[in-house]
Amino acid sequence: MCDRLCLQVEIYMEKIRDLLDGKKDNLQVKEDKLQGIFVAGVTEKYVQSEKEMLQILQTGVANRAVGQTCILYPTFAPTFSILQSLLFST
């Protein structure tokens, strides 16, 4: 059986937002010898099926900030969403 660890963040207005927990809106990128480069404090969810993975993706997409960007930059929306998925074999 395999588990996936998923997280989803957005880079918007030079801030990193947790798309799985809207209360976390100014996360920091850190570097550690053991973990490498990571986003500190980000919500991580374990999923075991494609359906759960799709739910994670849909939650993140629904929480993206796109409103004001479209008004300020009608041809370019400077917002980036990152979905990270790590596979663990058990």
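None of the figures in this text is laboratory data; all of them are computed from the coordinates on show. All figures in this text were calculated on a predicted structure; none of them were measured in a lab. Quick reminder, even Gly has a Cβ in these numbers, built from the backbone with ideal geometry, and neighbours come from all protein chains shown.
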Open item on the list: If the reach is capped at under 22 angstrom between alpha carbons, list the lysines near Lys24, excluding any in the same chain fewer than eight residues apart.
Closed with: Lys15, Lys45
Task: DSSP-loop GluC sites (Glu not before Pro) across the range 1-39, with at most 15 other Cβ within 10 angstrom - done: Glu14
Task: trypsin sites (Lys or Arg not before Pro) within the range 27-65: DSSP coil, no more than 13 neighbouring Cβ in 10 Å - done: Lys33
Open item on the list: List the residues, sorted by chain then number, that are 5 or more residues from Leu19 or on another chain and whose placed amide H is less than 5 Å from its amide H.
Closed with: Gln8, Val9, Glu10
